[in-house]
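These notes are about the structure you will find just below.
The values are calculated or read from the model by the stated rules, or taken from the named source; none is laboratory data. Computed from a prediction, not measured in an experiment: that's the story for all the values here. Here the Cβ is made from the backbone with ideal geometry for all residues, glycine too, and neighbour counts use every protein chain on show.
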Amino acid sequence: MDFNVIIMQLFTGLSLGMLYVLLALGLSIIFGLLTVVNFAHGSMYMWGAFVGVFTVAWTGNFWAALVLAPLGVGLYGLVIERWLIRPLYGRDINYPLLLTFGLQLIMIEVVRIFFGTSDHPFSAPALLSMPLEVMGIFYFPAYRVFLIVFTAVICFVLWFFLEKTDLGLIIRAGTRDPLMVRALGIDMNLIWWLVFGIGSALAGLAGILAAPIRSVYPEMGIAMLVECFVVTVVGGMGSLPGAIVAGILLGIVSSLTTLVYPQMADIVIFLVMAVVLLVRPSGLFGKAGLLE
Amino acid sequence: MLLKVNNIDTYYGLSHILQGVSLEVKEKEIVTLVGRNGAGKTTTLKSILGLAQVRAGSIEFDGQDISRLPTHQVILRGISYVPEERRIIPGLSVRENIKLALLKSHNREREEEMIERVAQYFPVLKERLNQDGTSLSGGEQQMLAIARALVTDPKVMLIDEPTEGLMPLLVESIAEIVLEINRSGVTVLLVEQNIEMALSISHRAYVIDEGRIQTSGLSQDILADEEIQRRYLSV
């Protein structure tokens, strides 16, 4: 097999992996702090793509869409947390799970009713539509390069926010011992609210970033959600480094499998999950007993 | 009266833990709450802090009812908490543990100054500022827990079992520190299993058993009363 083809497929896998990373980061930061398993995450991703489609349709500007999609979905997340999820805190972890599962169905149905069930075409901005020469050996769509670099920047910003800012310190502490954080004078309700908003915004951002390379349709988040659960389980539930490593790993594994045995491409990540769970039951970076 | 707990009832789920507990703490006092395991000592502190839900009765702090306030607002009024088992937050350095306590305090901008103040009480913490808080020894973790409660300039410090699991030498030095903190003007409500230590450093004491205050008085009198010791305190 041609060496260039393998490198090229590696890059394709990396760009898919970056979408996994963004989605898994959102899932993980919400789960880590709130212990809410957000089943609406996939449909938030889908909403992000739709906000992008309509922003571009109205303004013709991809960059405006890149801002509005995470902003819109993030605000939606804030509303959901404040009025639907917050009343369920202190109860069984299954209550928010069921709620967000229901929300996912409603969100998909709403889009079907207003915009139909068909695909919505969406193309990368003109600036990023040409192929780019990578390392002098092959041409790679500029948009995918942008996607990889942009996501890497987002990861860095998120790391900086969590490790170097006061709010980040509160979030890290709240992930480990929310009761003690409250006993140090901090309003955890406010922190939970903000973090749910941030996690939702990340899903919206993944949606708009995915729009030019994957089809935009109401059910686009369903398979993606399942794949991202696999990513968070492989990485370790609630672990952000785990989300990044596992996201990239599974993106690459899946796209390399396409080269060798395309029929396996969709299921290979489940095999990886099975193997990882056999060796490390709490995931690559997970801590045992997170839910105890 | 700085802190006044008025006939409170507190439940955990369906179990009725506190049944009409009342106690008072005057400014500059060290008051201790002693009793056996499960008597309701920790629950009394948690009720004051809003960490356990008070169903009836009231809690006044500085003349205002705080019994329905969320925990963070109770803390912001000038109460600080040194919890049982220290609860140093894992994954955070010693400095970050202290910083977290400062974030909502009026000392927020004075981190270095507060670290110097902590160092006066606990020089060892200053040497370990960048170490993970949970990697410290039990005694050092207790110091950090007290330091964390000290840097916000509280009016009252609620201290729960500070000597639990510490060796005798450390018990003595923790007792010394509590006295010193009190002398600097901080009122203390202390919960302890180590009755002798608690009664010897405090001014007044309340004896709690089965969710009720059984008796109260000057600490030296309680310490001398063998009948009280036998009925409520001996294991």
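Take A:Gly251 and decide whether it is surrounded by 22 or more Cβ atoms within 10 Å (Cβ to Cβ) and at pLDDT 95 or above.
Values: surrounded by 22 or more Cβ atoms within 10 Å (Cβ to Cβ): yes; at pLDDT 95 or above: yes.
Taking the combined requirement at face value, the residue satisfies it.
State yes or no: is B:Thr10 assigned to a helix (DSSP H, G or I) and touching a strand residue (DSSP E or B) at 6+ places or on another chain (Cβ under 7 Å)? For B:Thr10, the condition - assigned to a helix (DSSP H, G or I) and touching a strand residue (DSSP E or B) at 6+ places or on another chain (Cβ under 7 Å) - is not met. Restricting region A:66-91 to residues that are surrounded by fewer than 19 Cβ atoms within 10 Å (Cβ to Cβ) and under 14 Å from A:Val195 (Cβ atoms), the residue that is modelled with the lowest pLDDT is A:Tyr89. The single condition from (1) in a helix (DSSP H, G or I); (2) under 30 Å from A:Asp177 (Cα atoms) that A:Ala274 fails is (2).
In region B:104-115, is there at least one residue being of a type in the set (Gly, Ala, Ser), part of a loop (DSSP other than H, G, I, E, B) and assigned by TED's automatic domain parsing to the domain that holds B:Val5?
So the first thing to find is which residues in region B:104-115 are of a type in the set (Gly, Ala, Ser), and the list is B:105.
Cutting the leftovers down to part of a loop (DSSP other than H, G, I, E, B) gives us B:105.
From what's left, assigned by TED's automatic domain parsing to the domain that holds B:Val5: none.
Within region B:104-115, not a single residue is of a type in the set (Gly, Ala, Ser), part of a loop (DSSP other than H, G, I, E, B) and assigned by TED's automatic domain parsing to the domain that holds B:Val5.
Only one of the listed residues (A:Leu184, A:Leu259, A:Leu190) is surrounded by fewer than 20 Cβ atoms within 10 Å (Cβ to Cβ), without any contact (Cβ under 8 Å) to a residue 60 or more places away in the chain and of a type in the set (A, V, I, L, M). That residue is A:Leu190. Could you tell me which of the residues B:Ala39, B:Ala56, B:Ala52 is surrounded by fewer than 21 Cβ atoms within 10 Å (Cβ to Cβ) and not in a strand (DSSP E or B)? Checking each option against the conditions leaves just B:Ala52.
Restricting region B:148-177 to residues that are among the polar types (S, T, N, Q) and free of Cβ contacts under 8 Å to residues at least 60 places away in the same chain, the residue that is farthest from the other protein chains (Cβ to nearest Cβ) is B:Ser173.
Screening the candidates B:Ile66, B:Ile17, B:Ile30 for the property of being outside the structural domain of B:Met143 (by TED's automatic domain parsing), crowded, with 22+ Cβ neighbours inside 10 Å and more than 30 Å from B:Asn130 (Cβ to Cβ) yields one hit, B:Ile30. In the condition set (1) under 27 Å from B:Pro123 (Cα atoms); (2) away from every other protein chain (no Cβ under 14 Å), B:Ala39 is compliant with all but (1).
Reported count of residues in region B:65-107, each being of a type in the set (Gly, Ala, Ser) and within 9 Å of another protein chain (Cβ to nearest Cβ), is 4.
On the given criteria, is B:Gly20 within 11 Å of chain A (Cβ to nearest Cβ), on the phi > 0 side of the Ramachandran plot and among the small types (Gly, Ala, Ser)?
Values: within 11 Å of chain A (Cβ to nearest Cβ): no; on the phi > 0 side of the Ramachandran plot: yes; among the small types (Gly, Ala, Ser): yes.
When the stated conditions are applied, B:Gly20 does not pass them.
Please indicate, with yes or no, whether at least one residue in region B:121-138 is facing chain A (nearest Cβ under 10 Å), surrounded by fewer than 23 Cβ atoms within 10 Å (Cβ to Cβ) and in contact with a Pro (Cβ under 9 Å, 6 or more places away or on another chain).
Within region B:121-138, the subset facing chain A (nearest Cβ under 10 Å) is B:134.
Restricting the remaining residues to those that are surrounded by fewer than 23 Cβ atoms within 10 Å (Cβ to Cβ) gives B:134.
With in contact with a Pro (Cβ under 9 Å, 6 or more places away or on another chain) added as a condition, the list becomes B:134.
Checked against the condition, which is being facing chain A (nearest Cβ under 10 Å), surrounded by fewer than 23 Cβ atoms within 10 Å (Cβ to Cβ) and in contact with a Pro (Cβ under 9 Å, 6 or more places away or on another chain), region B:121-138 yields at least one hit.
Is it the case that A:Ser200 is among the polar types (S, T, N, Q), under 30 Å from A:Ile113 (Cα atoms) and at pLDDT 95 or above? Answer is yes for this residue. So, A:Phe156, is that one buried (at least 18 other Cβ atoms within 10 Å of the Cβ) and more than 11 Å from chain B (Cβ to nearest Cβ) or not? So A:Phe156 fails the test. Annotation: of all residues in region A:92-133 being surrounded by 11 or more Cβ atoms within 10 Å (Cβ to Cβ) and aromatic (Phe, Trp, Tyr), the one that is farthest from A:Val216 (Cα to Cα) is A:Tyr95. For the residues A:Leu179, A:Leu147, A:Leu169, the requirement of being facing chain B (nearest Cβ under 10 Å) and either outside any helix (DSSP H, G or I) or crowded, with 18+ Cβ neighbours inside 10 Å (or both) singles out A:Leu169.
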